[in-house]
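Report on the following structure.
The values are calculated or read from the model by the stated rules, or taken from the named source; none is laboratory data. Since this is a predicted model, take the numbers as computed values, not measurements. Every residue, glycine among them, receives a Cβ derived from its backbone with ideal geometry; neighbour counts consider all protein chains shown. Calculation scope for accessible area: heavy atoms of the full protein, side chains included, ligands and nucleic acids excluded. Shrake-Rupley method; radii C 1.70, N 1.55, O 1.52, S 1.80 Å.
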Amino acid sequence: MSHAELSADARTALLAQTIELPSWAFGNSGTRFKVFAQEGVPRDPFEKIADAAQVNRYTATAPRVSLHIPWDLTDDYEKLSAHAKDLGVEIGAINSNLFQDDAYMLGSLTHPDPVVRKKAVEHHLQCIDVMRATGSTDLKLWLPDGLNYPGQDNLRARQDRLADGLAEIYAALDPQHRLVVEYKFFEPSFYATDIPDWGTALLHCLALGPQAVVVLDTGHHAPGTNIEFIVAQLLRQGRLGAFDFNSRFYADDDLMVGAADPFQLFRIMHEIVQAGALAPDSGVNFMLDQCHNIEPKIPAQIRSVMNVQEATAKALLVDAAALDTAQQSGDVLGANGALMDAYNTDVRPLLAGLREEQGLHPDPLAAYAASGYAEKIVAERVGGTQAGWGA
Ligand code: AOS
Ligand code: ZN
Ligand code: ZN
């Protein structure tokens with residue numbers, strides 16, 4: 001097949017695509033076994049924003065940075081927001097943290113003790129105050145609550161407690177805010193997780209109201225799960241609020257998105273493109289949620305953005321008319337072929353050309369490597385590293 005050619009509309013859609021970067025991806029991270037600290041990592045949220053801005057500088061596709069509270073605590077969020085804008089990016093979603101306070105050992109919003117539940121709700125009210133200061137619209141809530149043993153607590157009572165706490169948080173949202181609720185089938189608990197699947201997350205969102213939507217983290221499903229089916233279902237309900245994109249081989253590995261299964265990423269983006277949900281105003285926030293434990297962080301985020309762009313470009317190449325005709329007529333091989341033709345197309349030359357048209361270097365990784373930024377931050381940021389995942 002000759003070099004890929006996109007229609008004018010598809011090119012416009014691809015150029016308009018935006019991906020939100022996680023502040024925590026730039027800080028040190030690791031597993032429960034070890035955090036291998038890297039030189040030059042950010043020492044505060046301002047430096048995290050500066051590193052994230054490098055990704056956008058060479059891709060022009062990552063204009064927002066998602067913050068995490070308390071990892072990105074600062075006493076002046078307006079100043080942090082202005083700093084971001086000076087660097088050509090802005091602050092995106094605000095992520096709460098219900099997984100690192102000792103009080104949450106037996107749960108947060110689902111805890112048997114109302115004092116702990118109140119603490120968890122109040123943490124989200126603090127996050128909403130941050131949103132008002134940064135202009136963020138999404139409050140992202142990942143609930144780590146769960147049980148390690150049968151009989152440990154009452155499964156139904158925990159759902160009732162959760163519903164009450166979510167309702168209190170939801171009631172505090174401003175009209176422009178969304179509560180984006182994430183699910184995860186296991187970890188840190190091992191027997192039962194209180195929001196384990198998309199169905200539970202959707203049920204709670206439907207009970208809360210139209211400002212509650214679901215976050216689909218691609219690493220949060222049992223092996224073999226058909227994730228694009230979940231994408232299609234949540235899109236049909238108008239409740240797919242965001243992705244937390246990453247790659248996994250076995251668990252919630254938080255590896256670079258597209259690195260483990262680029263075909264799955266393509267199938268996900270095909271559902272998005274086919275549903276017309278790619279545009280930044282579609283209500284779907286394409287976020288990365290990754291940890292770069294052994295690879296340099298900024299290039300890893302650049303590679304991740306490039307992987308999403310490639311999957312999106314391939315999805316935009318699908319001959320929708322031919323696919324529909326084949327599907328309608330029961331032409332199994334023809335329909336599969338229409339999809340595989342797009343997936344098997346090398347879109348890297350197309351993307352390199354689009355970058356050059358935008359005045360960018362055709363290879364963002366090469367451009368970043370040549371910039372000297374990596375060497376600069378190692379020289380400047382001596383000592384002190386911003387805590388993050390596993391730190
Ligand atoms: C944890 O496994 C979840 O993926 C969270 O979405 C994410 O890592 C967290 O939001 C970072 O605070
Ligand atoms: Zn996530
Ligand atoms: Zn995760």
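Relative to the Cα centre, what is the charge dipole magnitude of the chain, using +1 at the beta carbon of each Lys and Arg, -1 at the beta carbon of each Asp and Glu, and rounding to the nearest 20 debye?
Numbers: 30 positive and 51 negative charges, 48 e Å.
It works out to roughly 220 debye.
Tally the DSSP beta bridges in the chain and give the antiparallel ones as a percent, rounded to 5.
Values: 4 of 31 bridges.
Within the chain, antiparallel bridges account for around 15 percent of the total.
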Legend entry - Residue-averaged 222 nm ellipticity for the chain, from DSSP H runs of 4+ at -39500 (n - 2.57), nearest 500: -14000 deg cm²/dmol
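Count the net charge of all other residues whose Cβ sits under 11 Å from the Cβ of Phe46, scoring Lys and Arg as +1 and Asp and Glu as -1. All intermediate terms of the calculation are to be shown ahead of the outcome.
Working: positive: Arg43, Lys48, Lys79; negative: Asp44, Glu47, Asp51, Asp72, Asp76, Asp86.
Every neighbour counted, the sum reads -3.
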Inset, instruction - Can you tell me how much longer the chain between Phe33 and Gln358 gets when fully stretched, taken as 0.36 nm per residue apart minus their C-alpha distance, in nm with one decimal? - result: 112.7 nm
Inset, instruction - Could you state how much accessible area Ile19 has, in square angstrom rounded to the nearest 10, with a 1.4 Å probe and all protein chains kept in place? - result: 0
Legend entry - With DNA, RNA and ligands ignored, accessible area of Tyr77 (1.4 Å probe; Å², nearest 10): 20
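Counting only GluC sites (Glu not before Pro) that are in a DSSP loop and have at most 15 other C-beta atoms within 10 Å, tell me the longest site-free stretch of the chain.
Details: sites that count: Glu5, Glu39.
The segment 40-391 is the longest one with no such site.
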Inset, instruction - Go ahead and set up a Gaussian network model of the chain, Cα springs under 10 Å, then flag whichever of Val273, Val181, Val214 fluctuates most. - result: Val273
Inset, instruction - Over all alpha-carbon pairs of the stretch 248-366, lay out the pair-distance distribution in 10 Å bins, whole %, shortest bin first. - result: 12, 36, 36, 13, 2
Inset, instruction - Check cross-link reach from Lys79 to the aspartates and glutamates: straight Cα distance under 14 Å, and skip same-chain residues fewer than eight apart. - result: Asp44, Glu47, Glu90
Legend entry - Mean accessible surface per residue for the chain, computed with a 1.4 Å probe while every protein chain stays in place, in Å²: 43
Inset, instruction - Could you order peptides 8-18, 185-195 by the average number of other Cβ atoms within 10 Å of their residues, highest first? - result: 185-195, 8-18
Inset, instruction - Provide the convex hull volume over Cα atoms per residue for the chain, in Å³. - result: 144
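Need the full-extension length gain, Ala275 to Val332, defined as separation in residues times 0.36 nm minus the C-alpha distance. One decimal, nm. Could you put the intermediate results ahead of the total?
Working: separation 57, 0.36 × 57 = 20.52 nm, distance 2.11 nm.
Additional length available on full extension: 18.4 nm.
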Inset, instruction - With the full set of protein chains in place, find how many percent of the accessible area of the chain is carbon and sulfur; take the probe as 1.4 Å. - result: 55
